[in-house]
């Protein structure tokens, strides 16, 4: 059940922040850009070639760019290379999603700790009863 609850919390955060309006492939592209940024780099468009052809990738990028979620950049040393990054708006939105998830995880974590404590308490009672 933990997996299902965590997945649902992520879906809720994406819906509350507007990311859910994009199709699954666009959301995956967005996530890949964020992962690249977490590694202090921009994602090259050609790194998305495992998902679809270049024209198809462009069609998925267009709504993300128009909605100001991602930005395209030319590489400094090679003008043929196109790089992708998240916009300031997207970074702020991801921060809001993270805060929402953190608050849900804290509640979920407290519940889990309570269940663990309850299980431990019941186990000790069962142990005490069996010792009688």
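Just so it is clear, none of the values below were taken in a lab; they were calculated from the coordinates. Everything quoted here is computed from the prediction, not taken from an experiment. For neighbour counting, all protein chains shown are included, and Cβ atoms are generated from backbone atoms with ideal geometry for every residue, glycine included.
Residues that are more than 17 Å from the chain's Cα centre (by Cα) and free of Cβ contacts under 8 Å to residues at least 40 places away in the same chain: which helices (runs of 4 or more DSSP H) entirely in the range 1-67 hold 3 or more of them? Answer list for the range 1-67: 54-66. All of (1) within 27 Å of residue 83 (Cβ to Cβ); (2) surrounded by 15 or more Cβ atoms within 10 Å (Cβ to Cβ); (3) out of contact with any strand residue (DSSP E or B) (no Cβ under 7 Å at 6 or more places or on another chain) hold for residue 36 with one exception: (3).
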